[in-house]
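Worksheet: one structure, shown below.
What follows is calculated from the coordinates using simple rules that are stated; it is not laboratory data. Keep in mind that what you see is a predicted model, and the values were worked out from it rather than measured. In this analysis, Cβ positions are derived from the backbone assuming ideal geometry, glycine residues included, and neighbour counts consider all displayed protein chains.
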Amino acid sequence: MNANHIMNTMEMEQELENDLLEITLGPSHPAMHGTIQMKVKLDGERVAFCDVEPGYLHRGFEKECEDHRWNQIFPYTDRLNYVSPIINNVAFAMAAEKLCGLEVPERCQYLRVILSEMCRITDHLTCLAAVVMELGAFTAFLYFVKARELYYDLLESVTGARLTYSWLRIGGARWDIPDGFVEQAKKAIPETRRILKEIDGLFTKNRIFLDRVVNVGVISQSDAISYGITGPFLRSTGVAYDVRKAHPYAVYDRFEFDIPVGENGDCFDRYRVRMAEMEQSLRILEQALPKIPGGPISVKDPKYTLPDKQAVYTTIEGTINHFKLIFDDIHPPKGEVYAAVEGGNGELGFYLVSDGGNKPVKCRCRPPCFPIMAALGGIITGHMLADIIPIFGSVNMIGGEMDR
């Protein structure tokens, strides 16, 4: 190849580059959910290049945690993933309890599993509702939301809040489930299955839907693993990795459930995996609800657990205990730990460092969304402009987790 040919090739490539249309999607575009920007170069309607800016939500989550006392961090974890907050609570609580060497009572372990699975269902329902709505299927959005309301009502009955719960504490939980919770939860299970069957009938063989998601947004097993992707996005490629099975925590090892996997790693497989995972969550709920043991929901250690109100009002020991925990909080021993759970989008973990004080020296979150967003530009490249919507929707990007 001579020099003239090389120069001509470079000139042609430069001309082609100049012919590309550069557009920006987000962060104000509604499908970008307010915090993501994509700089896209188009060759006609086809994406020739895509650069993903992963977040415009700059709250300094980790540094805020390092400036607040241990139990004050729970409201911050709620806002990491606001459609499955209890799972975030559990992840942080487990890491802090590992640091303190605490064994949480069995009743609390069961409740953590039950409420986490309810949150997993609301997470998947919200993700799929957003995807189908952005593809134009607003009726199906209402179906998904109808099912989600069943669990929002249940979670609200326990925590007193509708979205950001802050229900857990290091060593247990704020309070127990209310009377009638188990019965109401059991009634929600068959109703959820009925709604999911309706949704399945609407979409799984719907030609319009299939044309928008089959063989769209494909990622290979090797690429997904190399990026550190977990959750439904990884399982859609056929890798059956789930923290609940690989590294059982709480009482997950007592329940039978499967890990749904896909084959092609495309948007349709990610839809199918999430639909199947909701059924597995219902299976776990059916096994766990009748077996909730009695007993306390928090460790009986005054260094970690608030005393009963009656003791606070009537004894000096209770008053002092309450005062110290509220105004000074706990003091975990020096050390560093990592603990992880299976979140709605994959492995959600916390790395904590303590110097023996009432605040963490270091709080690092391992967000499941972030590795997926790192891979997203390459997944989108080569697809049509319209394909960006279902591909990005299948990520289930949560802005709070993008905060670095």
In nm, what is the difference between 0.36 nm times the number of residues separating Lys146 and Glu279 and their Cα-Cα distance? 46.2 nm
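For Lys39 and Asp223, what does the FRET efficiency come to when R0 = 22 Å and r is the distance between their Cβ atoms, rounded to the nearest 0.05?
Details: r = 22 Å, r/R0 = 0.98.
Given R0 = 22 Å and the Cβ-Cβ separation, E is 0.55.
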For Glu198 and Trp175, extending 7 Å from Cα along the Cα-Cβ vector and measuring point to point gives, in nm, a value of 3.3
Taking Cα extents along the principal axes in Å straight from the coordinates, which label in (i) 72, 51, 35; (ii) 68, 47, 46; (iii) 91, 48, 34 is the correct one? (iii)
Looking at the chain as a GNM with Cα springs under 10 Å, which of Leu125, Leu306, Leu20 has the largest mean-square fluctuation? Leu20
For the stretch 234-302, Rg(Cα) over 2.2 N^0.38 Å is 1.43
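Given the stretch 69-208, report the % of alpha carbon pairs whose separation exceeds 22 Å. Let's see the in-between values first.
Numbers: 4204 of 9730 pairs.
Of the Cα pairs, 43 percent sit more than 22 Å apart.
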Computed FRET efficiency, Cβ-Cβ of Asp301 and Ala246, R0 30 Å: what is it to the nearest 0.05? 0.45
Karplus-derived 3J(HN,Hα), 6.51/-1.76/1.60, for each residue of the stretch 30-38, Hz, glycine and proline x: x, 6, 8, 6, x, 10, 10, 10, 10
Give me the one-decimal nm value for the distance between modelled label points at Lys205 and Leu20, 7 Å along each residue's Cα-to-Cβ direction. 4.2
When the chain is treated as a Gaussian network with springs between alpha carbons less than 10 Å apart, the largest mean-square fluctuation among Lys187, Lys309, Lys300 is found at Lys309
I'd like the distance between the alpha-carbon centres of the stretch 179-238 and the stretch 330-367, rounded to an integer number of Å. 30
Estimated inter-spin distance, Glu256 and Tyr313, nm [label 7 Å along Cα→Cβ]: 4.9
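Could you work out the helix-only [θ] at 222 nm for the chain, with each DSSP H run of four or more residues adding -39,500 (n - 2.57) and the total divided by the number of residues, to the nearest 500 deg cm²/dmol? List each step's numbers first, then the result.
Details: 17 runs with 204 residues, N = 404.
One gets -15500 deg cm²/dmol as the mean residue ellipticity at 222 nm.
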Rh by Kirkwood over Cα pairs, then Stokes-Einstein D for the stretch 161-316 at 0.890 mPa s and 25 °C, µm²/s: 128
